[in-house]
There are 4 protein chains.
Amino acid sequence: MDREVAVEPASESTGGAERSSVLLVECADRAGLVHAITGVLLRHGANVVGNQEFVDPGARRFFMRTEFVGVSDPGSVEREARSLLPGDAIVRLIRPEPKRIVILATREHHCLADLLVRHSFGELNARIVGVASNHDVLAPFVARFGLPFEHVPTADLSREEHESRLAHWIDARKADYVVLAKYMRVLGPAFVARYPSRIVNIHHSFLPAFAGARPYQQAFARGVKVIGATAHFVTDALDAGPIIVQQVVPVDHTRSAEDLARAGRDVEQFALAQALRLVLEDRVFLCGNRTVIFD
Amino acid sequence: MDREVAVEPASESTGGAERSSVLLVECADRAGLVHAITGVLLRHGANVVGNQEFVDPGARRFFMRTEFVGVSDPGSVEREARSLLPGDAIVRLIRPEPKRIVILATREHHCLADLLVRHSFGELNARIVGVASNHDVLAPFVARFGLPFEHVPTADLSREEHESRLAHWIDARKADYVVLAKYMRVLGPAFVARYPSRIVNIHHSFLPAFAGARPYQQAFARGVKVIGATAHFVTDALDAGPIIVQQVVPVDHTRSAEDLARAGRDVEQFALAQALRLVLEDRVFLCGNRTVIFD
Amino acid sequence: MDREVAVEPASESTGGAERSSVLLVECADRAGLVHAITGVLLRHGANVVGNQEFVDPGARRFFMRTEFVGVSDPGSVEREARSLLPGDAIVRLIRPEPKRIVILATREHHCLADLLVRHSFGELNARIVGVASNHDVLAPFVARFGLPFEHVPTADLSREEHESRLAHWIDARKADYVVLAKYMRVLGPAFVARYPSRIVNIHHSFLPAFAGARPYQQAFARGVKVIGATAHFVTDALDAGPIIVQQVVPVDHTRSAEDLARAGRDVEQFALAQALRLVLEDRVFLCGNRTVIFD
Amino acid sequence: MDREVAVEPASESTGGAERSSVLLVECADRAGLVHAITGVLLRHGANVVGNQEFVDPGARRFFMRTEFVGVSDPGSVEREARSLLPGDAIVRLIRPEPKRIVILATREHHCLADLLVRHSFGELNARIVGVASNHDVLAPFVARFGLPFEHVPTADLSREEHESRLAHWIDARKADYVVLAKYMRVLGPAFVARYPSRIVNIHHSFLPAFAGARPYQQAFARGVKVIGATAHFVTDALDAGPIIVQQVVPVDHTRSAEDLARAGRDVEQFALAQALRLVLEDRVFLCGNRTVIFD
């Protein structure tokens, strides 16, 4: 028996299959929204391959994500939906091209490496257009993957100046999203405001526990029996932005703070990768400071 | 085929087997402790059925738990160990009788019911000697299990007076441990000081996140993707005592605060039951505000 | 500060709120199904409070569950939906009354007790109309909850005769569902055929691993590092029916087969309770031997 | 505030600290073993930094792992322990140098890449001395990490011939362990016998469920609600060797077999990395077909 003969296609390409379009709608909730949108899709002969909707009861807000194929001009679906829906409705047709992302890191490699590997094998559903860091230790590793590395040192710069250089570089790369892969500097309000809901961070704790610095040391001192990692959008409030993914792992008294950091690295990279998949496939809506996720 | 024929003995009694003795030792770490203690056991012909030790590197403190059979006078093991070990060593031989516990509850039944059921079928390794509450709604349920129920209302009483009545009742029951099974009042310092490391609480969040009141409402507002429950010893600092067990469960945006509370109840009762098992089998040591658990 | 003042309503009653209706639809997939059904709801002025749909790509089968309020005659929604949808569509309006269930057990109490406690506090969304067992050891416990207990011994009976007596009793209780709460006898084809997709079992392993007898002993011998429990519908094939819920818990080499059984009991009762909630709220569809679950 | 200032040392080197020695002992259980071994350590002035022992009750077998520093000639501890212990005792002093490992892969990159990244940053506690594959698609990736890649095609070779070439290459590399990082061919008995308890495999299912080929397709067809991965030693019996680590992840009906494969890749690489850490730190004993793990 040859085990290989029966191998599963782990990363089978979709071959010549048509790439699906994604329509996102959100607005204040009212009667008839799903009926109206599905009517548009029906009239255009769309073949709906996935459809999810949610109404947040507190905010009384409607969210819908529809994935469809079989329409020669998907833009016409978007236009008709916008014309039919109430004026406050946000209607977006997602362009099929992968998003452009930049990654900011500091000294730790694990989250960055995980993303570079996925990107390298076409698993990220995005194009990494550059990696920047306030240090240069990761430059040789990034070079292995043939990607541009930008060293933006902080010496002799105010935070504003440093972030201004970063922003200049990011904008030149035309990035859709900024991914903080263990970027260990707090970003200022001007920088954050420049990329609203477009900065994804991985925090090495189960937020809101242990926000701020040295979360594993904090977790060790508190004697918790579970540690975690939180992928979230960055807002002005430190480590308080909308949460996308949280992952946890049990620990016990035999683990030192350094052991927690080691165990935590695996969940950090896992949580960040999962959050990016959701964001890059346009599966994440914001509802106040909470996320609505259609997975 | 008869499935029943092959059933596993789910709660097989230990029959006529000798009940094992448990020796606990803790002291400042130094060389030769394990050798000295195992020497005592060897000389007494003890058959060691379980042995665990741990040295906390920060506190430089040694902890050991040994379970043994085959010694006609286990107290002699304790006495010899105490005489051989340094003066600061805390040496305890655990008496084989089940501990006596009282349960305090308020209005919610799930943690209380779980403990009453386990107790009723001999699975708790403890004797519940009474249930008290600041309300009387749980009285009929407790009556079903034939256990004494004490209603200690708070009306017209200061907190001190109320807690003094509780303490009077607890002491009359000769309780070894006080179990707070969703007892929803903060206990004062005098009460807490009366039962040092003898009060076990279940808090309905993943501490230190969401300490204090309404943790599920807090968790909902923060938009977390995982909720949890924490069983811990009660100290003066609210929800900040040494953690024994933490359990978590994933949630998503479709869950209301009430849904979180419902999902959380299952992990609360599971975490509390597991923590009690550990405490009642003398598997929990304190090392500062952290626990060392030999499970 | 009084912790109780701020308590969350853990099991708040829905008060005078209108009980929602649930419409279930399944049929071969084709274009326009969601649009047609939402059109019916819209015309009847229904206020949709929850809506989920899924198309199984392999079976090309459509499933939809809609929860709505605000319609004085919900039956009219069902009738119009049925008249508009293709002839193969299965359209069901769920009656708002709780389902009637019977529980079969053998000697173990934990799953049964969990259900009796939930039922006793109005948390089960069902009416337990009786408990039967091939043994009588659980009779006193059931009596505490004031529910009828039927002892159906197997002595001197063939399996067919025994099951016939059980079925007679079940039918007299007018049960919608039969819940096997650690009922340790394999049911015969005639009995199973009598209650198609209406028997829910809890199996004490992570199926399909360790089907059949003594799964914890099997798991111990195999040296697995995770054990589990599986709630599933019962079919003719032993332990091979559609899976509703699976729960797992990590274990290690220090656990004996009996320890695994003890640890497993908690996940068994948790998995069965969760599966029953889903079934009793009409959230489970069958798609071949797989389940589609709208939670 | 500069978040970076407070960063934790995620992979801090131990600097000039003495590397600890590890002594492993296993034998039939009898009284006095711990006392004898700790006596040896005491006489040599060893500073014990970690000590764990376990007696398997069924096999009546004793296992002990002791980590110590402060002895100038650790070999003398081993020699004295061997001379004092019964003749059947297996006493091993682990040499401090990292183990040498080779990795076998086929076409999938994720487990391999994870190990190459960890190795590249000094996190693997082993030296990867080569990567071999029956295909050449992974050659460019391995080249990025500057490691030797051996393409051993199967064309025109019998299994025996192919495995003989592999073994020749492995032996030339002087490998201590052979790591199957999604190597998708079943290995023959002669090859397996050549490396007893020295081949670690990652199987993409929660064994013993779904042994053999296409486990994700099997899991999909069975409709399980949890999938997993199993790292185990390879024996003659396919996918039946002693289990080291199992990891699981919940799934639901919306996931296709391909989705399961994608989700599974993350737990595969996590489980394999964790198993290797345990094996490479000499924390894994075999007890029949079960593992005893001192973590």
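Compute the acute angle (0 to 90°) between the alpha-carbon long axis of helix D:33-43 and the principal axis of greatest extent of the alpha-carbon atoms of chain D; round to the nearest 10°.
Here the helix axis deviates by roughly 70 degrees.
Would you kindly give the portion of the calculated P(r) for the range C:21-94 that falls above 19 Å, as a percent of all Cα pairs? Don't skip to the answer; put the middle values down first.
Numbers: 684 of 2701 pairs.
Result: 25 percent of Cα pairs exceed 19 Å.
Would you tell me the mean number of C-beta atoms belonging to other protein chains that fall within 10 Å of each C-beta in A:181-194, as a whole number?
Mean shielding by partner chains, rounded to a whole number: 2.
Kirkwood Rh, the protein assembly as shown, all Cα pairs: how many Å?
32.5
Loop only per DSSP, at most 10 neighbouring Cβ atoms within 10 Å: give me the trypsin sites (Lys or Arg not before Pro) in the range B:87-174, ordered by residue number.
For trypsin sites (Lys or Arg not before Pro) across the range B:87-174 that sit outside H, G, I, E and B with at most 10 neighbouring Cβ atoms in 10 Å, the list reads B:LYS174.
Can you give the calculated 222 nm mean residue ellipticity of chain B, where each DSSP H run of n ≥ 4 adds -39,500 (n - 2.57) and the sum is split over every residue, rounded to the nearest 500 deg cm²/dmol?
Numbers: 8 runs with 91 residues, N = 295.
Helix-only estimate at 222 nm: -9500 deg cm²/dmol.
Using 0.36 nm per residue of separation minus the Cα-Cα distance, give me the extension gain between D:ASP88 and D:ASP295 in nm, one decimal.
Working: separation 207, 0.36 × 207 = 74.52 nm, distance 2.52 nm.
Between D:ASP88 and D:ASP295, full extension yields an extra 72.0 nm.
Report the calculated FRET efficiency for B:ARG95 and B:ARG165 (r = Cβ-Cβ distance, R0 = 35 Å), to the nearest 0.05.
E(calc), rounded to 0.05, equals 0.75.
Count the DSSP beta bridges whose two residues both fall in the range A:99-293, then state the antiparallel fraction as a percent rounded to the nearest 5.
Among the beta bridges of the range A:99-293, antiparallel pairing accounts for roughly 45 percent.
Which Cβ of chain A lies nearest the axis of the rotation superposing A onto B, and at what whole-Å distance?
Closest to the axis: A:ALA209, 2.
What nm distances, shortest first, do you get from the label point of C:LEU147 to those in the other copies when the point sits 7 angstrom along Cα to Cβ?
Ordered by distance, the counterparts are at 2.0, 5.6, 5.7 nm.
Can you give me the angle between helix C:74-84 and the longest principal axis of chain C, using Cα atoms only, in degrees from 0 to 90, rounded to the nearest 10?
It works out to around 70 degrees.
List the lysines whose Cα lies under 18 Å from the Cα of D:LYS99, skipping any in the same chain that are fewer than 8 positions away.
D:LYS174
Could you work out the relative contact order of the range A:117-267? I mean the mean sequence separation of Cα pairs under 8 Å and 6+ apart, divided by the number of residues, in percent.
On the way: 213 pairs, mean separation 23.4, N = 151.
So the answer I get is 15 percent.
Taking each label point as 7 Å beyond Cα in the direction of the beta carbon, state the distances from B:ARG82 to the same residue in the other copies, shortest first, in nm.
For B:ARG82, the other copies' label points sit at 4.4, 8.0, 8.4 nm, shortest first.
With both partners inside the protein assembly as shown, how many of the DSSP beta bridges are antiparallel, as a percent to the nearest 5?
Once the DSSP bridges in the protein assembly as shown are tallied, antiparallel ones form about 70 percent.
D for the range D:99-293, whole µm²/s, Stokes-Einstein with Kirkwood Rh over alpha-carbon pairs at 10 °C and 1.306 mPa s: what number?
94
For the range B:16-154, what is the percent of antiparallel DSSP beta bridges, rounded to the nearest 5?
Details: 22 of 32 bridges.
That works out to approximately 70 percent antiparallel.
On a 0 to 90 degree scale, rounded to 10, what angle separates helix C:257-280 from the longest Cα axis of chain C?
Result, in degrees: 20.
Which of the lysines could a cross-linker span from D:LYS225 if the Cα-Cα distance has to be under 20 Å and same-chain partners fewer than 8 positions apart are dropped?
B:LYS225, C:LYS225
If the label for A:LEU42 sits 7 angstrom from Cα along the Cα-to-Cβ line, what are its distances to the same label in every other copy, in nm to one decimal, shortest first?
Spelled out, the distances from A:LEU42's label point are 0.8, 8.5, 8.5 nm.
Please state the shape class of the range A:121-171: rounded when a/c is under 1.5, otherwise prolate if a/b exceeds b/c and oblate if not, all from the C-alpha gyration tensor.
Oblate, because a/c is 1.5 or more while a/b does not exceed b/c.
Work out the mean other chain Cβ neighbour count within 10 Å for the residues of C:29-35 and drop it here as an integer.
6
Work out the mean other chain Cβ neighbour count within 10 Å for the residues of C:219-229 and drop it here as an integer.
For this peptide, the per-residue mean of nearby foreign Cβ atoms is 6.
With a cut-off of 17 Å, note down the residues of the range D:35-58 whose backbone N falls inside the zone around a label point 7 Å from the Cα of B:ARG30 toward its beta carbon.
Within reach of a label on B:ARG30: D:42-43, D:45-48.
I'd like the distance separating the alpha-carbon centroids of the range C:216-255 and the range D:159-188, in whole Å.
34
Coordinate-derived values only; no laboratory data. Just so we're clear, the structure is a prediction, and the values are computed from it rather than from any experiment. With ideal geometry, Cβ positions are generated from the backbone for all residues, glycine too; neighbour counts draw on all protein chains shown.
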